[in-house]
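J.: The structure is given below, and queries will be raised subsequently.
The values are calculated or read from the model by the stated rules, or taken from the named source; none is laboratory data. What you see is a predicted model, and the numbers here were worked out from it, not measured in a lab. Using ideal geometry, Cβ is built from the backbone for each residue, glycine included, and neighbour counts are taken over all protein chains shown.
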Amino acid sequence: MIGVLKSMATTMKHALDGTTFTVEYPKTAPDVSPRFRGVHKFSQERCIWCRQCENVCPNDTIQIVMDDQRNGEQYNLHIGQCVYCRLCEEVCPVDAILLTQNFEFTADTKHEFVYNKEQLKSVPWYKDIDPLESREPDRGAWIGEGEGEVDYQ
Amino acid sequence: MNAAIAPLQNGDTVLLPERIGELTGLSEFGIAGELIAAFLGAFIVANLMLAMTGVAGPWAKRKITAAFTDRIAVNHIGPGGILIIVADAVRLLSKENIIPENADRPAYDLAPIVIAGSALLGFAVIPMGSGIHLADPEVGLAFVFAVAGIASIGLVMAGYASGNKYSMLGGLRAVAQNIAYEIPLVVTGMSVVLFAGSLRMSEIVAVQNETTLFTIPGLEWAVPAWFALVNPFAFVLFLIANFAEVGRNPFDMPEAPAELIAGYQTEYSSVYFVLVYLGEFLHIFLGGAIIATIFLGGPAGPGPAELGIVWFLLKIWAVFLLTQWLRSAVPRVRIDQLIEIGWKGLLVLSFANLALTAAIVGLIA
Amino acid sequence: MSTGAEADVEADADLVHDELEGVIGDRALARDDHVNAPGFVVNPDDVQDVLVDLRDEAGYDHCSCVTAQQYDDRFETIYHLKKYADPTDEVSIVVPTSLSEPVSQSAEPVYRTADWHEREAYDLVGIEYEGHPDLRRILLPETWQGHPLSADYDQEKPQIVTLSEHANPLEPDHRDPESDTMFLNVGPHHPATHGVLHVKTVLDGETIADLEPDIGYLHRCEEQMCQQGTYRHQIMPYPDRWDYVSSGLLNEWAYARAIEDLADIEVPEYAQVIRTLGAELCRIASHMLALGTFALDVYGEFTATFMYTFRDREIVQDLLEDLTGQRMMFNYFRVGGVAWDLPEPREEFFEQARDFLDELPAKVAEYNDLITTNEIFQTRCIDTGVLEPDVAKDYGCTGPVARGSGVDYDLRRDDPYGYYESLEWDVVTRDGCDNYARVLCRMEEVEESAKIVEQCLDLLEDWPEDDREIQANVPRTLKPDADAETYRAVEAAKGELGIYIRSDGTDKPARFKIRSPCFSNLSALAEMSEGEYIPDLIASLGSLDIVLGEVDR
């Protein structure tokens, strides 16, 4: 009986102290960590069409179409199929693709999740966090060039 | 707070239908008028109770559970989220009523009505204070137990008629549980009757409030002889048996969400589900009403007698709160353990309690 | 690992070989040593003989995994045997069968756990096992045509199954006047099956007369997906999706360990400490969830315990999000290290982690008040779902399930990897063998994990700034030697998570086999629940803490 009463006392303590740990999403936007991996952002200006991201992608999420002179024509990414592993960003030598913190996206059909390069370009930053800054320390190993300001727009 | 317990006037036998009859002049029309007055009275009481379950089910229960689990709960529609009741009502009633192909009709359709109706019927003899008292038969207490017991038939009907194995298991559990706990419940109730010397509800209430158990020295506050204070042992027994009777934790075997999906109500949807759901809450409230009446002095409380209904509802809600509290903290027992507690524990204890009470009452007399 | 230790290992291995050769004798047709263990090729007709001798004479009481695969010229079944007392003492029994007649003797009479493993081998690869009591498909539907991992399987061909061949789920009930039992489907849609598990139960009243878990609803061809990915990058995202309830890093470690073993990659010590830290955080999160869902199963849906455990799990999740960049699908480990160093500013991360550790004892005390000391909880859990140690071993149970039955088996200590060897912590075992023991075992493991995390934090704080190497230098294309085989296991949240990899010299594995702890643990469910009541079945299922993503893969 004492154990039962102890259990009841424990829950009552929680009921009376009035604290809650849930948040009212979407009224309160959750904090995401700077490293959080969300929807991709793509910069055509920076891309050198090396196709490494397409190669490394574990489940063929990225599709690149080039003409016969190896100029990039299309860069399509299915954000509904993506597993958000960040390997594309990791192998990209020029920071042309990176994952923003943006995790909110909706569509009526799954086909609308196939983003082309223009859509990928206009993906907004989440709360104006530039993920590059938080990932800078270890990105040095991958990025030979591309120092300074990066303009994705 | 000096001697503030409002005494219930003895011989206050003006029942609600009579009062309505006099107020509206219906009593002049003979039996037909009395009947209409009675219906009006019943309508008022039933709606009061249904409104309470309406508040409890979609809103209060969510708020209480959320408080226990450190969550926020409904707060968007209306002040404190109270209008969720309207939203939920619209949502539930506008859903399609799906009836299983091999449901046994009309038992399937009747079950929700039986479950909800039996509980409502019980309120007929409960004195709620402020003159809200529909009928006061001599066998009041026996009547309450009898109609509350009808609910078991509803549960079995629901369980059997749904044509679902989970429902059937739930229905069977409900029977086993109700048989095991009805007897201790009634026997413990009998000990109160021994004290009060009557089955009439108004008298049971009156006896509790007329006698003084003891006076707290200094405060000069006369503690009335509520049976919960006179015989706490019987009170605890009755509480436990009542939880089993209404099927709440730790005895919510007939539903047992993790085991039997939702037990006897698995196949009910839309309006039927609302009825079953309301019926459950009505039963908790009826259990609370019985406890309040026979153990907690009914509508008695500090302040003028007109406040009786407030005190009475407060007592009912206290019992409801207790069920929710237990729900958050106490695991469900197993069916065999439940039966064991019922037959080997509560039954024996309740008879011991009865014998003891009889002896004491006999000695005093 | 220094070369001296390697020499020791080799010397030991030779000794073991001699002994084993003595036991197996001339039934060994050839040697087929794997990277992790000696291997012996055995005739398909000698399987039971050899295994009985190995179990009874040499003491190999743990049939960890059964791998089946197809070569160009033969089918092959590999029994990975270990000892519960010393899991580093391994041996592989390789049983080749011809392509035309893939029949080999079943190991089921020797190790009960081989039952399900062989059914899976039959299902996916197509080897038949003679003497198996119940050789049916296990992951795929009964009506499936062909065996997907066999060479002649046509991946393009759609599986068209007409409804008449299906067992109609809406079949009307029938009553057998002779019988007084009732058949009840628990699942696949049931609140207490933790996913899509289907348990076929036969009830006698409320007592369970017979029980059979039916799995495969969440089969996602994880093995084949891994076989189509490159070692270097493309496999690592998948382990997160096996046991997907927050034990991702533990799963990633299983693959990382196997491939690092196979390709002989040295992981920097600093990375090992970070890995250990992350893995133990995952274990805490996973055990919290196990505790919460178990409470759900025993209490009902309005339990406070579930929310409290989630509150605490949430803190761990936040830490892991800061560290790895994702809440559950971490993809944080890399072959030869980890993807990122600790998040900047480091002090903040350390502070958050330490705050959590400081608050943990009070929270554990609260859980004890709330759950374990509750008498009703005790009457529900003590002496229900009893799994005797011998039975647990026979079914290949590992992790908290085995440790709750008093089997002192923890790969972190017995087959050390990462940084565990240099840290102070204890393996938790309980002798209760029941649901209660398993719950207590998990709760105490949370405390042990907290100890490990604390020590890791100390180490990381004081680590010299110039030695923070997070990844070994691994070539961008990894091609282990052709025909190198290894079976490596780590202690995941649910038990021994093993990976078998066979390389064919390309940058993708030729065979990738996952030994899932939940798979083996779940197979013991019938043993635990028969003769008990439905509520006990639900509680036992909850105390096994299965994740169907890992069971079905």
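J.: Out of all the residues in region B:241-257, which are surrounded by 22 or more Cβ atoms within 10 Å (Cβ to Cβ), out of contact with any Phe, Trp or Tyr (no Cβ under 8 Å at 6 or more places or on another chain), not in a loop (DSSP other than H, G, I, E, B) and not polar (S, T, N, Q)?
T.: B:VAL246
J.: Taking the condition without any contact (Cβ under 8 Å) to a residue 24 or more places away in the chain, out of contact with any Gly (no Cβ under 7 Å at 6 or more places or on another chain), within 30 Å of C:SER540 (Cα to Cα) and surrounded by fewer than 19 Cβ atoms within 10 Å (Cβ to Cβ), does C:ASP426 pass?
T.: When the stated conditions are applied, C:ASP426 passes them.
J.: Does region C:373-387 include one or more residues that are within 14 Å of chain A (Cβ to nearest Cβ), of a type in the set (A, V, I, L, M) and on the phi < 0 side of the Ramachandran plot?
T.: Just the residues of region C:373-387 that are within 14 Å of chain A (Cβ to nearest Cβ), to begin with: C:373-382.
Imposing the further condition that a residue be of a type in the set (A, V, I, L, M) reduces the set to C:376, C:382.
Remaining after also requiring on the phi < 0 side of the Ramachandran plot: C:376, C:382.
Yes.
J.: Can you name every residue in region B:246-260 that is more than 7 Å from chain C (Cβ to nearest Cβ) and under 12 Å from B:LEU322 (Cβ atoms)?
T.: Within region B:246-260, B:VAL246, B:ARG248 meet the criteria.
J.: Now, a different point. What tally of residues in region B:261-276 results from selecting those that are assigned to a helix (DSSP H, G or I) and within 14 Å of chain C (Cβ to nearest Cβ)? Reasoning before the result, please.
T.: Start the filter on region B:261-276 by keeping residues that are assigned to a helix (DSSP H, G or I), which leaves B:263-265, B:270-276.
After this cut, where a residue has to be within 14 Å of chain C (Cβ to nearest Cβ) as well, the list is B:263, B:265.
Selection size over region B:261-276: 2.
J.: While we're looking at this one, here's another question. What's the total number of residues in region B:316-337 that are assigned to a helix (DSSP H, G or I), away from chain A (no Cβ under 14 Å) and buried (at least 21 other Cβ atoms within 10 Å of the Cβ)?
T.: Number of matching residues: 4.
J.: Which numbered condition trips up B:VAL348, out of (1) more than 26 Å from C:LEU370 (Cβ to Cβ); (2) away from chain A (no Cβ under 14 Å); (3) surrounded by 14 or more Cβ atoms within 10 Å (Cβ to Cβ)?
T.: With respect to (1) more than 26 Å from C:LEU370 (Cβ to Cβ); (2) away from chain A (no Cβ under 14 Å); (3) surrounded by 14 or more Cβ atoms within 10 Å (Cβ to Cβ), B:VAL348 is out only on (3).
Listed here are the residues, each with its yes/no results for (1) of a type outside the set (Ser, Thr, Tyr); (2) in a helix (DSSP H, G or I); (3) touching a Leu at 6+ places or on another chain (Cβ under 9 Å).
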position: C:ALA209; (1), (2), (3): yes, no, yes
position: C:PRO213; (1), (2), (3): yes, no, yes
position: C:LEU250; (1), (2), (3): yes, yes, yes
position: C:ILE259; (1), (2), (3): yes, yes, yes
position: C:GLN272; (1), (2), (3): yes, yes, no
position: C:MET307; (1), (2), (3): yes, yes, no
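J.: For region C:343-363, give me each residue that is in a helix (DSSP H, G or I), surrounded by fewer than 17 Cβ atoms within 10 Å (Cβ to Cβ) and within 14 Å of chain A (Cβ to nearest Cβ).
T.: Listed by number, the residues that qualify are C:ARG346, C:GLU348, C:GLN352, C:GLU359, C:ALA362.
J.: Has region C:239-248 got at least one residue that is in contact (Cβ under 8 Å) with a residue 60 or more places away in the chain, away from every other protein chain (no Cβ under 13 Å), part of a helix (DSSP H, G or I) and among the β-branched types (Val, Ile, Thr)? Spell out how you get there, then give the answer.
T.: Here is the first cut: in region C:239-248, the residues in contact (Cβ under 8 Å) with a residue 60 or more places away in the chain are C:240-248.
Filter once more, keeping what is away from every other protein chain (no Cβ under 13 Å): C:242-243, C:245-247.
Subset that is part of a helix (DSSP H, G or I): none.
No, there is no match, as no residue in region C:239-248 is in contact (Cβ under 8 Å) with a residue 60 or more places away in the chain, away from every other protein chain (no Cβ under 13 Å), part of a helix (DSSP H, G or I) and among the β-branched types (Val, Ile, Thr).
J.: Can you pull out the residues in region C:181-235 that are within 14 Å of chain A (Cβ to nearest Cβ) and among the acidic types (Asp, Glu)?
T.: Residues of region C:181-235 within 14 Å of chain A (Cβ to nearest Cβ): C:220-222, C:224-235.
Of everything in region C:181-235, just one residue is within 14 Å of chain A (Cβ to nearest Cβ) and among the acidic types (Asp, Glu), namely C:GLU222.
J.: What helices (runs of 4 or more DSSP H) lie completely within region C:365-437 and have 2 or more residues being within 25 Å of C:THR113 (Cβ to Cβ) and assigned by TED's automatic domain parsing to the domain that holds C:ALA539?
T.: On the way: elements: C:375-381, C:389-394, C:399-403, C:411-414.
Hits in region C:365-437: C:389-394, C:399-403, C:411-414.
J.: Which condition from (1) among the hydrophobic types (A, V, I, L, M, F, W, C); (2) farther than 23 Å from C:ALA263 by Cβ; (3) over 19 Å from the mean Cα position of the chain (by Cα) is the one that C:CYS518 breaks?
T.: If we test C:CYS518 against (1) among the hydrophobic types (A, V, I, L, M, F, W, C); (2) farther than 23 Å from C:ALA263 by Cβ; (3) over 19 Å from the mean Cα position of the chain (by Cα), just (3) comes out false.
J.: C:GLY229 - would you say it is of a type in the set (Gly, Ala, Ser), within 14 Å of the chain's Cα centre (by Cα) and in the same structural domain as C:LEU497 (by TED's automatic domain parsing)? Please lay out each step first, then the result.
T.: Numbers: of a type in the set (Gly, Ala, Ser): yes; within 14 Å of the chain's Cα centre (by Cα): no; in the same structural domain as C:LEU497 (by TED's automatic domain parsing): yes.
Judged against the criteria, C:GLY229 is not a match.
Conditions (1) away from chain B (no Cβ under 14 Å); (2) farther than 30 Å from C:LEU323 by Cα; (3) in a loop (DSSP other than H, G, I, E, B), marked per residue:
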{"residue": "C:GLN455", "(1), (2), (3)": "yes, no, no"}
{"residue": "C:ASP458", "(1), (2), (3)": "yes, no, no"}
{"residue": "C:ALA482", "(1), (2), (3)": "yes, yes, yes"}
{"residue": "C:ILE501", "(1), (2), (3)": "yes, no, no"}
{"residue": "C:ALA526", "(1), (2), (3)": "yes, yes, no"}
{"residue": "C:ASP536", "(1), (2), (3)": "no, yes, no"}
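J.: Still on this model: Only one of (1) facing chain C (nearest Cβ under 8 Å); (2) buried (at least 18 other Cβ atoms within 10 Å of the Cβ); (3) under 28 Å from C:PHE349 (Cβ atoms) fails for A:SER7. Which number is that?
T.: Here A:SER7 clears every test but (3).
J.: Across region B:181-197, which residue is farthest from the other protein chains (Cβ to nearest Cβ) among those that are buried (at least 24 other Cβ atoms within 10 Å of the Cβ) and under 30 Å from B:ALA258 (Cα atoms)?
T.: The selected residue is B:LEU185.
J.: Still on this model: So, of the residues in region C:315-342 that are more than 25 Å from the chain's Cα centre (by Cα) and in a helix (DSSP H, G or I), which turns out to be farthest from the other protein chains (Cβ to nearest Cβ)?
T.: The selected residue is C:ILE315.
J.: Can you find a residue in region C:185-194 that is without any contact (Cβ under 8 Å) to a residue 24 or more places away in the chain, in a strand (DSSP E or B) and of a type outside the set (Gly, Ala, Ser)?
T.: Within region C:185-194, one or more residues are without any contact (Cβ under 8 Å) to a residue 24 or more places away in the chain, in a strand (DSSP E or B) and of a type outside the set (Gly, Ala, Ser).
J.: Taking the stated definitions as given, is B:PHE238 surrounded by fewer than 24 Cβ atoms within 10 Å (Cβ to Cβ), within 20 Å of the chain's Cα centre (by Cα), away from chain C (no Cβ under 11 Å) and touching a residue at least 40 places away in the same chain (Cβ under 8 Å)?
T.: Values: surrounded by fewer than 24 Cβ atoms within 10 Å (Cβ to Cβ): no; within 20 Å of the chain's Cα centre (by Cα): yes; away from chain C (no Cβ under 11 Å): yes; touching a residue at least 40 places away in the same chain (Cβ under 8 Å): yes.
Here the answer is no, as B:PHE238 does not meet what is asked.
J.: Could you list, in sequence order, all residues of region A:10-30 that are within 12 Å of chain C (Cβ to nearest Cβ) and either of a type in the set (Asp, Glu) or surrounded by 18 or more Cβ atoms within 10 Å (Cβ to Cβ) (or both)?
T.: Taking region A:10-30 first, the residues within 12 Å of chain C (Cβ to nearest Cβ) are A:10-15, A:19-23, A:30.
A:THR10, A:THR11, A:HIS14, A:ALA15 - these are the residues of region A:10-30 that are within 12 Å of chain C (Cβ to nearest Cβ) and either of a type in the set (Asp, Glu) or surrounded by 18 or more Cβ atoms within 10 Å (Cβ to Cβ) (or both).
J.: Among B:ILE335, B:ILE339, B:ILE284, which is under 29 Å from B:MET168 (Cβ atoms) and touching a strand residue (DSSP E or B) at 6+ places or on another chain (Cβ under 7 Å)? It would help to see each step written out before you state the result.
T.: Working: B:ILE339 fails: touching a strand residue (DSSP E or B) at 6+ places or on another chain (Cβ under 7 Å); B:ILE284 fails: touching a strand residue (DSSP E or B) at 6+ places or on another chain (Cβ under 7 Å).
Answer to the check: B:ILE335.
J.: Name every residue in region B:40-64 that is surrounded by 13 or more Cβ atoms within 10 Å (Cβ to Cβ), away from chain A (no Cβ under 14 Å) and not aliphatic (A, V, I, L, M), in order of residue number. Talk me through it step by step, then tell me what you get.
T.: Of the residues in region B:40-64, the ones surrounded by 13 or more Cβ atoms within 10 Å (Cβ to Cβ) are B:40-42, B:44-46, B:48-50, B:52-64.
Filter once more, so that each one left must be away from chain A (no Cβ under 14 Å): B:40-42, B:44-46, B:48-50, B:52-59.
If the condition is that a residue be surrounded by 13 or more Cβ atoms within 10 Å (Cβ to Cβ), away from chain A (no Cβ under 14 Å) and not aliphatic (A, V, I, L, M), then B:GLY41, B:THR53, B:GLY54, B:GLY57, B:PRO58, B:TRP59 are the ones that fit.
J.: Kindly check whether there is at least one residue in region A:37-47 that is within 12 Å of chain C (Cβ to nearest Cβ), out of contact with any His (no Cβ under 7 Å at 6 or more places or on another chain), within 30 Å of C:PRO343 (Cα to Cα) and touching a residue at least 12 places away in the same chain (Cβ under 8 Å). Show your work before the answer.
T.: Applying the first criterion (within 12 Å of chain C (Cβ to nearest Cβ)) to region A:37-47 yields A:37-38.
Within this subset, residues satisfying the condition of being out of contact with any His (no Cβ under 7 Å at 6 or more places or on another chain) are A:37-38.
Filter once more, so that each one left must be within 30 Å of C:PRO343 (Cα to Cα): A:37-38.
Those left that are additionally touching a residue at least 12 places away in the same chain (Cβ under 8 Å): A:37-38.
Yes, region A:37-47 has at least one match.
J.: Separate question: Those residues that are away from every other protein chain (no Cβ under 14 Å), of a type in the set (Asp, Glu) and either more than 11 Å from A:PHE42 (Cβ to Cβ) or surrounded by fewer than 19 Cβ atoms within 10 Å (Cβ to Cβ) (or both), I need them from region A:70-96; list them, please.
T.: To start, the set of residues in region A:70-96 that are away from every other protein chain (no Cβ under 14 Å) comprises A:70-80, A:94-96.
Those still in the list that are of a type in the set (Asp, Glu) too: A:73, A:95.
A:GLU73, the sole residue that qualifies.
J.: Return yes or no: is A:HIS78 touching a helix residue (DSSP H, G or I) at 6+ places or on another chain (Cβ under 7 Å) and free of Cβ contacts under 8 Å to residues at least 60 places away in the same chain? Explain how you work it out, then say what you get.
T.: Details: touching a helix residue (DSSP H, G or I) at 6+ places or on another chain (Cβ under 7 Å): yes; free of Cβ contacts under 8 Å to residues at least 60 places away in the same chain: yes.
So A:HIS78 passes the test.
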